[in-house]
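Please read the structure below before turning to the comments.
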Amino acid sequence: MKKSSKVKYFGVAAAALLAVAPVVAPAVTATTNEPATVQAATAGTTPDFIADATIKSFGTGTAVYAKEGGVTKEATIAGKTAVDVTNVTPTYQTVQVTVSPAEPESTDGNLVGKTATTQVYSDSEGTVADGDPVDLIAETPYTEKTADGTYKIDAGYVRAEDVTATPTTAAVDAKTTTVKGYFYVTPGAYLATDGAKGTNGTLYIPANGYNLKYNISATVQAADEDAAATVSKTAINTETGKNDANITTALTNGTLNVTGVYTDAAGVEYYSFDKNGAVYLVPAAELTISKGYTVTATQGYITTTKDDVRTYSDSALNNYTGTLIRDKGTQLLVDQKATNANGDVVAYHVSADADTAANTWVDANNVTFAAATLDVTAEKGSVIANASATVYRDKATTIATKDTIAKGETVDYTRVVTNSVTGEVVAYGYKNDNGNWRYVKASAFDENADADVTVSKLPNGTALYSNYKAATIYTNAAATEDSGTKLSTDVNEWSAFEVSKDADGNTIAYRLGKNQWVKAADLEAEQALDGTFDVAAGITLSDAEGTKTGSIENGGNYKVFAVRYINGKQALKLGTDNQWVIAAQGDYYPA
């Protein structure tokens, strides 16, 4: 059959074909070798650091120095985690801190020619002259400084030696300072990017302050009845930084109330006092507690046994708040209890979450107490260990076995243990190989985002399009763990090897390399393409999924609307979604 010299359209009027040479290779070519890494578009901003531990001594917002990749920066402890330094001894350190990191000059700016006219080139290497030299005496913006020693302007490229360039932002050298002193040094910190863990680093936590060990409530007197306790030079008014003679007088008379026990970097204990709106610390060795209550944490509910129960601001029940719990039978959530020297409970602290009398103390004689219980429900799921986890025989996780779950390993549970008061999940239960119930603490595990994700291979040769966007790259199929890198903005077409889907069959992400997943929302299977396609009669037509829908009746040149990959082969759209042909079965001519 004689080929038409006109461009054919499916359902569209014909138009004249431009005289263009056929393209030997396909218009776009997907790589077939799986890359070890995907190129990052940018290095990203300097993120905060978090620690891979449960915090006891230092919480969110604590100022620290964070070392990662050989560079130490000022930072703060971030997120819900905190740093436990219970078993860490402070050591004297000399820390070189980067106050501000080095910044390269910007890739854009303005330039002027060094002579009356400047040669412009069509290539970035500056070897192919593009027309006659032009006038660059006036400031001309450039958008790129290439690795080949040229600058990109609207007209093409100019050599660096021919112009004087001024970047929009000049390069900045790093500024450092040296900090010396005692620090808690805690390896195993993690660089956080968008809430996800990244590179392992080290925290330096200054050990020059005082850390609350526990709360108590008691009155005190001097250890030696004939000599008043003194305030040490380091135990000072935390507001003014000065000693106060009134403290000595108060201690002599035994009129101060202890609010807490603190320790310093050397482990020395201090009692803290609130007086006239200021906080004071006195070495514990200089004092003896004459009477008072010990405050400890508890969980449960109290129920009032009479009307008009008084509330107090202190555990010793000395300061009436003026607020009454009006009705008998009122149930309130409590989080602390005060006990006397005999271990008897004398007061309960109402939780800040309570609807009534929040953050107040109630006389234990006016209430009944019900402790929190552990409720077990049948529920299936999967969790992944965020640290090495001990396996227990009981739901209260008090009887340990010799078994452990390594960090990163998963547990498929069939029981969930919750606190009856707070509703918090405290443990997961499962049966071991011997059919015995075993439990792990919930705090040592995170939800396994990949549990409901299925992964399947894509046909060899499949490629997808990113539209040159710096899409986030994830390390897992659920696309929940940010790798800290992004797709290059210099590349549009990417080989794809696997696809992940959720339990409902919805596509989540595609794998473009080893442990490199990109969300489906950031990629496209089809891209607009303009040109013509010379094809013979009888060639199969299919839909976008590869199902045959017909064949080419008349050979010739047909208008091309889009390109995609069908079953790993590049295909061109010649009309509707049911009119795709494999690109290798004809010749493509770009517009």
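The values are calculated or read from the model by the stated rules, or taken from the named source; none is laboratory data. Quantities reported herein were computed from a predicted structural model and do not represent experimental measurements. Positions of Cβ are backbone-derived with ideal geometry, glycine not excepted, and every protein chain shown enters the neighbour counts. Ligands, DNA and RNA are excluded from the accessible area calculation, which covers all protein heavy atoms including side chains. Shrake-Rupley method; radii C 1.70, N 1.55, O 1.52, S 1.80 Å.
If you take the residues in the range 507-542 that are modelled with pLDDT of 90 or more, open to solvent by 30 Å² or more (accessible area, probe 1.4 Å) and part of a loop (DSSP other than H, G, I, E, B), which one is nearest to G586 (Cα to Cα)?
A536
Can you tell me which of (1) open to solvent by less than 50 Å² (accessible area, probe 1.4 Å); (2) assigned to a loop (DSSP other than H, G, I, E, B); (3) at pLDDT 85 or above; (4) over 30 Å from R511 (Cα atoms) is the one V440 doesn't meet?
(2)
Got at least one residue in the range 295-313 being at pLDDT below 80, under 44 Å from the mean Cα position of the chain (by Cα) and open to solvent by less than 70 Å² (accessible area, probe 1.4 Å)?
Checked against the condition, which is being at pLDDT below 80, under 44 Å from the mean Cα position of the chain (by Cα) and open to solvent by less than 70 Å² (accessible area, probe 1.4 Å), the range 295-313 yields no hits at all.
Return the only residue of T323, T356 being among the polar types (S, T, N, Q) and under 43 Å from the mean Cα position of the chain (by Cα).
T356
Considering only the range 420-427, I want to know if a residue exists there that is closer than 22 Å to A354 by Cβ, of a type outside the set (A, V, I, L, M, F, W, C), surrounded by 14 or more Cβ atoms within 10 Å (Cβ to Cβ) and touching an Asp or Glu at 6+ places or on another chain (Cβ under 8 Å).
Within the range 420-427 (the criterion being closer than 22 Å to A354 by Cβ, of a type outside the set (A, V, I, L, M, F, W, C), surrounded by 14 or more Cβ atoms within 10 Å (Cβ to Cβ) and touching an Asp or Glu at 6+ places or on another chain (Cβ under 8 Å)), the answer is yes, since at least one residue qualifies.
Conditions tested, residue by residue: (1) basic (K, R); (2) in contact with a Phe, Trp or Tyr (Cβ under 8 Å, 6 or more places away or on another chain); (3) not in a loop (DSSP other than H, G, I, E, B).
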| position | (1), (2), (3) |
| --- | --- |
| T323 | no, no, yes |
| V346 | no, yes, yes |
| T356 | no, no, no |
| V362 | no, yes, yes |
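Condition (residue is of a type outside the set (V, I, T), modelled with pLDDT of 90 or more and touching a Phe, Trp or Tyr at 6+ places or on another chain (Cβ under 9 Å)) applied to the range 562-570: is it met by at least one residue?
Yes, the range 562-570 contains a residue that is of a type outside the set (V, I, T), modelled with pLDDT of 90 or more and touching a Phe, Trp or Tyr at 6+ places or on another chain (Cβ under 9 Å).
Residue under question is T549, and the condition is that it be touching a helix residue (DSSP H, G or I) at 6+ places or on another chain (Cβ under 9 Å) and on the phi < 0 side of the Ramachandran plot; does it hold?
Answer is no for this residue.
For the range 134-145, give me the residue count where each residue is assigned to a loop (DSSP other than H, G, I, E, B), modelled with pLDDT of 90 or more and open to solvent by less than 80 Å² (accessible area, probe 1.4 Å).
Matching residues across the range 134-145 total 0.
Which count do you get for residues in the range 504-542 that are in contact (Cβ under 8 Å) with a residue 40 or more places away in the chain, of a type in the set (A, V, I, L, M, F, W, C) and farther than 27 Å from G484 by Cα?
The number of residues fulfilling the criteria is 7.
Could you please tell me which pairs satisfy a Cβ distance under 8 Å, a separation of 6+ or placement on different chains, a first residue in the range 569-591 that is β-branched (V, I, T), and a second residue that is open to solvent by 40 Å² or more (accessible area, probe 1.4 Å) and assigned to a loop (DSSP other than H, G, I, E, B)?
Every condition considered, the pairs that remain are T576/F10; T576/G11.
Just need a number here: residues in the range 146-165 that are surrounded by 13 or more Cβ atoms within 10 Å (Cβ to Cβ), of a type in the set (D, E) and closer than 17 Å to N110 by Cα.
The total comes to 1.
Which pairs turn up if I take residues in the range 543-568 that are among the acidic types (D, E) and look for partners that are assigned to a strand (DSSP E or B) with beta carbon separation below 9 Å, at least 6 apart in sequence or on another chain?
Within 9 Å, the pairs are D543/T549; D543/I566; D543/W580; E545/I566.
Go through the range 332-358 and count every residue that is buried (at least 18 other Cβ atoms within 10 Å of the Cβ) and at negative phi.
The qualifying residues number 13.
Hey, does the range 380-394 have a residue that's within 14 Å of G300 (Cβ to Cβ) and touching a residue at least 24 places away in the same chain (Cβ under 8 Å)?
The answer is no, given that none of the residues of the range 380-394 is within 14 Å of G300 (Cβ to Cβ) and touching a residue at least 24 places away in the same chain (Cβ under 8 Å).
Scan (1) in a loop (DSSP other than H, G, I, E, B); (2) among the hydrophobic types (A, V, I, L, M, F, W, C); (3) under 27 Å from A470 (Cα atoms) for the single condition V563 breaks and write down its number.
Among (1) in a loop (DSSP other than H, G, I, E, B); (2) among the hydrophobic types (A, V, I, L, M, F, W, C); (3) under 27 Å from A470 (Cα atoms), V563 violates only (1).
Only one of these is under 28 Å from D335 (Cβ atoms), assigned to a loop (DSSP other than H, G, I, E, B) and of a type in the set (V, I, T): V416, V376, V421. Name it.
V421
From the residues in the range 115-133 that are surrounded by 20 or more Cβ atoms within 10 Å (Cβ to Cβ) and in a loop (DSSP other than H, G, I, E, B), which one is modelled with the highest pLDDT?
Top of the filtered list is V120.
When you go through Y589, Y474 one by one, which is the residue that is open to solvent by 20 Å² or more (accessible area, probe 1.4 Å), touching a Lys or Arg at 6+ places or on another chain (Cβ under 8 Å) and hydroxyl-bearing (S, T, Y)?
Y474
Which number in (1) of a type outside the set (A, V, I, L, M, F, W, C); (2) under 25 Å from A371 (Cβ atoms); (3) at pLDDT 85 or above; (4) out of contact with any strand residue (DSSP E or B) (no Cβ under 7 Å at 6 or more places or on another chain) marks the one condition that D335 misses?
Among (1) of a type outside the set (A, V, I, L, M, F, W, C); (2) under 25 Å from A371 (Cβ atoms); (3) at pLDDT 85 or above; (4) out of contact with any strand residue (DSSP E or B) (no Cβ under 7 Å at 6 or more places or on another chain), D335 violates only (4).
Of all residues in the range 543-555 being open to solvent by 30 Å² or more (accessible area, probe 1.4 Å) and not in a loop (DSSP other than H, G, I, E, B), which is nearest to D577 (Cα to Cα)?
T549
Residue by residue through the range 446-471, note down the ones that are crowded, with 18+ Cβ neighbours inside 10 Å, closer than 23 Å to E526 by Cα and touching a residue at least 60 places away in the same chain (Cβ under 8 Å).
Listed by number, the residues that qualify are L458, T462, A463, L464, Y465.
Looking at (1) touching a Ser or Thr at 6+ places or on another chain (Cβ under 9 Å); (2) of a type outside the set (F, W, Y); (3) surrounded by fewer than 20 Cβ atoms within 10 Å (Cβ to Cβ); (4) in a loop (DSSP other than H, G, I, E, B), which is the only condition T480 fails?
(1)
On the given criteria, is T401 part of a strand (DSSP E or B), touching a residue at least 60 places away in the same chain (Cβ under 8 Å), of a type in the set (S, T, N, Q) and surrounded by fewer than 19 Cβ atoms within 10 Å (Cβ to Cβ)?
no
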